[in-house]
Amino acid sequence: MNSQTSSKATLLWIKEMLHNDKVQEFVRFCIVGVIAAAIHYGVYWLIQQAAEGSFWLSMAYSVGYVVSLVCNFFMTTYFTFRSDVSAKKAAGFGGSHLVNYVLHIALFNLFIAIGVHRLLAPLLVLSIAVPVNFTLLHFVFKGKKG
């Protein structure tokens with residue numbers, strides 16, 4: 001296989017991937033995730049400026065999480081999974097985010113306790129919690145067959 005044939009095959013593969021529904025869904029999930037993370041981190045950053053002690057840092061982190069959660073629900077429903085709002089989906093979203101929040105706050109406090117800087121700790125939390133959250137939300141919006 002020469003380089004021109006290889007380049008054409010690569011371009012064809014990329015084109016197919018861009019038209020794949022699951023790939024598009026994951027890209028949309030990532031976009032919403034970045035926006036939600038920015039909202040969460042922005043609110044946390046603003047509040048933590050006045051926070052003293054780990055309790056208040058946890059409170060700042062929690063307030064940022066809640067603000068982000070509300071925005072995230074609507075972006076996830078309408079944009080990521082192109083779905084309609086329903087009480088069942090809201091309950092599933094809330095349940096998955098309750099699990100996600102417990103994971104977030106436990107990791108956040110662990111990172112703070114081991115000496116990770118308070119502005120870096122939320123970023124480390126996201127690197128672990130995002131894949132877990134995508135899996136949970138996929139089941140909420142798409143079910144086991146999705």
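Restricting Leu136, Leu107 to those that are modelled with pLDDT of 90 or more and assigned to a helix (DSSP H, G or I) reduces the list to Leu107. Being small (Gly, Ala, Ser) and part of a loop (DSSP other than H, G, I, E, B) is true for just one of Ala60, Ala50. Which residue is that? Exactly one of Ala60, Ala50 is small (Gly, Ala, Ser) and part of a loop (DSSP other than H, G, I, E, B), namely Ala50.
Checked against (1) farther than 20 Å from Val63 by Cα; (2) part of a helix (DSSP H, G or I), Gly115 passes all but condition (2).
The set of residues in the range 14-29 that are at pLDDT 80 or above, in a helix (DSSP H, G or I) and either in contact with an Asp or Glu (Cβ under 9 Å, 6 or more places away or on another chain) or farther than 13 Å from His138 by Cβ (or both) comprises Glu16, Val23, Gln24, Val27.
Just one of the listed residues (Ile128, Ile114) is of a type in the set (Val, Ile, Thr), closer than 28 Å to Glu52 by Cα and touching a helix residue (DSSP H, G or I) at 6+ places or on another chain (Cβ under 7 Å), namely Ile128.
Here is a yes/no grid of residues against (1) out of contact with any Phe, Trp or Tyr (no Cβ under 6 Å at 6 or more places or on another chain); (2) touching a residue at least 12 places away in the same chain (Cβ under 8 Å):
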residue	(1), (2)
Val99	yes, yes
Val102	yes, no
Ile105	yes, yes
Ile112	yes, yes
Ala121	no, yes
Ser127	yes, no
Val132	yes, yes
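Of all the listed residues (Leu110, Leu119, Leu136), the sole one being under 12 Å from the mean Cα position of the chain (by Cα), open to solvent by 50 Å² or more (accessible area, probe 1.4 Å) and of a type in the set (A, V, I, L, M) is Leu136.
Take the residues in the range 118-133 that are assigned to a loop (DSSP other than H, G, I, E, B) and within 24 Å of Ile31 (Cβ to Cβ), then tell me which one is modelled with the lowest pLDDT. Of everything passing the filter in the range 118-133, Leu119 is modelled with the lowest pLDDT. If you check Phe74, Phe81 for being under 24 Å from Cys30 (Cβ atoms), in contact with a Phe, Trp or Tyr (Cβ under 9 Å, 6 or more places away or on another chain) and among the aromatic types (Phe, Trp, Tyr), only one passes: Phe81. The residue that is farthest from Ala36 (Cα to Cα), counting only those in the range 76-87 that are open to solvent by 50 Å² or more (accessible area, probe 1.4 Å) and not in a loop (DSSP other than H, G, I, E, B), is Ala87. Restricting attention to the range 30-47, the residues that are open to solvent by less than 80 Å² (accessible area, probe 1.4 Å) and either in contact (Cβ under 8 Å) with a residue 60 or more places away in the chain or not in a helix (DSSP H, G or I) (or both) total 5.
The values are calculated or read from the model by the stated rules, or taken from the named source; none is laboratory data. Here the structure is a predicted model, which is why all the values come from computation and not from measurement. For neighbour counting, all protein chains shown are included, and Cβ atoms are generated from backbone atoms with ideal geometry for every residue, glycine included. Note: areas computed on protein heavy atoms with side chains; ligands, DNA, RNA excluded. Shrake-Rupley method; radii C 1.70, N 1.55, O 1.52, S 1.80 Å.
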